[in-house]
Protein chains: 2
Amino acid sequence: MKELDPILHSQLRLAVMSILMNVEEADFVYLKEQTESTAGNLSVQLDKLSSAGYITVTKGFVGKKTRTTCQVTEQGRKAFEQYVEALKTYLNL
Amino acid sequence: MKELDPILHSQLRLAVMSILMNVEEADFVYLKEQTESTAGNLSVQLDKLSSAGYITVTKGFVGKKTRTTCQVTEQGRKAFEQYVEALKTYLNL
DNA sequence: TAAACCAGTTTATAATATAAACCAAATAAT
DNA sequence: ATTATTTGGTTTATATTATAAACTGGTTTA
């Protein structure tokens, strides 16, 4: 039985990746809304995805307000697709 | 975003359920082989699935040797199917 | 200028997964 | 016959994880 990438096998990280797979980029606030997570949890999980090289996190400004935007990397895209393939063997899809 | 049942969102428990969904019953030794898990880990996770009402665990004998067999319950079957549906929204399937 | 707010980060805690250590019975070896 | 090994597990300890609570630094509002 195939291994399930532990970085992706986490509800919140998977939700984030799922969103980022379908969108050019997404910012912190948007991800927080969509995933209904707390800021702290989201912050931690974004760090993990970033450390794993699955996303890039860019801090910028919009006017005077900070804005943190995230994008999936090519590596992240691949990992996600492999995770999906592995899961299919578990789910009988 | 849908919640992912935490009882099923675990590699080993999911693997066990996946096997049990396709088979009338399976014993401890078989599950251990198929999942390539340690006996300790498997024992703990079977307990959790059992406590959740997702499987039944029956201890019997075959000759003089003990034999622990597992079957998925109707509740377990439903939970598994719902988990699959929930996951699909994450995986874009 | 103080109070409330926004966008996050850091830290503490609780839950989880996992393997190591253990146990009792059966079989094999000496 | 007695000791060693294997089988089929369970219990317990540990390391990792997920999560929320508490905090921070700047910003707008009153």
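Values quoted throughout were computed directly from the atomic coordinates according to the rules given, and no laboratory measurement underlies them. This one's a predicted model, so the numbers in the text were calculated from it and none came from an experiment. Backbone-built Cβ (ideal geometry, glycine too); neighbour counts: all protein chains shown.
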Please compute the Kirkwood hydrodynamic radius of chain B from all pairs of different C-alpha atoms, in Å with one decimal.
13.7 Å
Taking each label point as 7 Å beyond Cα in the direction of the beta carbon, state the distances from B:R77 to the same residue in the other copies, shortest first, in nm.
4.1
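Tell me, what is the percent relative contact order of segment A:11-91, built from C-alpha pairs under 8 Å that lie six or more residues apart?
31 percent
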Run the dipole for the protein assembly as shown about the Cα centre, Lys and Arg Cβ at +1, Asp and Glu Cβ at -1, nothing else charged, and hand back the magnitude in debye, nearest 20.
360 debye
Once label points are set 7 Å from the Cα along Cα→Cβ at both B:Q75 and A:M21, what is their separation, rounded to one decimal in nm?
3.2 nm
Taking a label point 7 Å out from Cα toward Cβ, give me the nm distances from B:K2 to the same spot in the other copies, shortest first, one decimal.
2.0
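What pairs in A:K78/B:K2; A:K32/A:K78; A:K32/B:K88; A:K2/B:K78; B:K2/B:K78; A:K32/A:K59 have C-alpha atoms more than 18 Å from each other?
Checking Cα-Cα distances, A:K78/B:K2; A:K32/A:K78; A:K32/B:K88; A:K2/B:K78 exceed 18 Å.
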For the pair B:E36 and A:T38, what calculated FRET efficiency results from E = 1/(1 + (r/R0)^6), where r is the Cβ-Cβ distance and R0 = 35 Å, to the nearest 0.05?
0.45
Restricting to DSSP H runs of at least four residues, report the calculated mean residue ellipticity at 222 nm for the protein assembly as shown, -39500 (n - 2.57) per run over all residues, nearest 500 deg cm²/dmol.
-17000 deg cm²/dmol
Could you give each residue of segment A:18-29 its phi-based ³J(HN,Hα) in whole Hz, using Karplus coefficients 6.51, -1.76, 1.60 with θ = phi - 60°, and x for Gly or Pro?
4, 5, 5, 5, 10, 8, 4, 7, 8, 9, 3, 4
Tell me the distances, shortest first, between A:G40 and the same position across the other copies, using label points 7 Å along Cα→Cβ, in nm to one decimal.
3.1
